[in-house]
Amino acid sequence: MAIPDYQSCMLPLLRVFADKREHAFRDTVEALAREFDLSEDERREMLPSGNQDVFTNRVGWARTYLKKAGLLESTRRGFNRITPRGLSVLAEKPSRIDVAYLGQFSEFQAFRALRHTKAEGTLELESNAETPEEALEGAYLKLRADVAADLLQRLTTCSPQFFERLVVEVIVKMGYGGTRQDAGKVLGKPGDGGIDGIIKEDKLGLDAIDIQAKRWESTVGRPEIQRFVGALTGHRAKKGLFITTSNFSAEAQAYVTNIDAKVVLIDGETLAQLMLDHNVGVSTIGTYEVKKVDSDYFSEE
């Protein structure tokens, strides 16, 4: 089944505590994963940031909201227990516990009022099934996709000379090509049998990579890649990098997986993502730090 949203986790989570015992958070996550019959892939699915798995994040926010409503309480770090109010709620046998249900409790109303006061105009958690991290990262990915699309459009209209300089910048920022000066000397020279340049794989020049960088609009097919591989063979090269502003056909991509030489294909969309990752052609307009309470700081042991 699909991973349940954080509100759908609230009632099953509260039921875990019906035995009146304290439970470790990691154990409750495991119990709910079994109850929802999640597959291994669903359990391992990560947030876009890769900092936490989706299901644990959603159970964590379900727990936070139950605590804010006074249905659960913290007993020690990472452990919780049901409160008398929580037991009363279970005794009522509700069909669902969600944000609307929790709104009946004054403590939860005060919590929401504080959130709205401190974060007016920001992403509103109760408006959808996303946790704050999911909403924030979703917004970030949308902004990133918009910038990448703009970069790709600009890549298709820049001059061949500018594109070659841009490729050099990206390659060097990624740690290849030695220095920018070294890489710039080899890339942009007249092609030699399908090779636009040869760069160092590392700063010491222990290995080399043959490069072809083309600002194209049409799809790059297998014949073009075969010619490039043939040029590699003529140079006795074992590694190649083919960069284009367009894309590659399925046949071209399949071809490079069945040859001895190691050839990496970078299409326009991938190039735009690399530019974002390595700050080429973009500038940072804002940085936001996401923080959480340091429980160790408040430990008096």
Nearest-20 debye value, the chain charge dipole, Cβ charges on Lys, Arg, Asp, Glu: 300
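Find, among the trypsin sites (Lys or Arg not before Pro) in the range 216-301, those assigned to loop by DSSP (not H, G, I, E, B) with at most 13 other beta-carbon atoms within 10 angstrom.
Arg236, Lys291, Lys292
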Nearest-ten-degree value, helix 54-68 long axis tilted from longest Cα axis of the chain: 30
How far, in nm, would the chain grow between Glu251 and His235 when pulled straight, counting 0.36 nm per residue and subtracting the alpha carbon separation? 3.3 nm
Once both labels are modelled 7 Å past Cα along the beta-carbon direction, what's the Leu206-Glu22 spacing in nm? 5.2
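Work out the FRET efficiency for Ala139 and Met46 from their Cβ-Cβ distance, taking R0 = 25 Å, and round it to the nearest 0.05. Show your work: numbers first, answer last.
On the way: r = 18 Å, r/R0 = 0.70.
The computed FRET efficiency comes out at 0.90.
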Taking the Cα atoms only, what angle lies between the long axis of helix 222-234 and the longest principal axis of the chain, rounded to 10 degrees? 60
Taking the chain and dividing mean pair separation by its residue count, relative contact order in percent (alpha carbons under 8 Å, at least six apart): 12
Descending semi-axes in Å of the chain, equivalent ellipsoid built from Cα gyration tensor: 54, 21, 18
Theoretical ellipticity at 222 nm over the chain - DSSP helices of four or more residues, -39500 (n - 2.57) apiece, nearest 500: -13500 deg cm²/dmol
To test your reading of the geometry: what angle, between 0 and 90 degrees and rounded to tens, separates the Cα axis of helix 160-173 from the longest principal axis of the chain? 50
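Just so you know, all these numbers are worked out from the coordinates, no wet-lab data involved. As the structure is a prediction and not an experimental result, all values here were calculated from the model. Neighbour counts run over all protein chains shown; Cβ positions are idealised from the backbone, glycine included.
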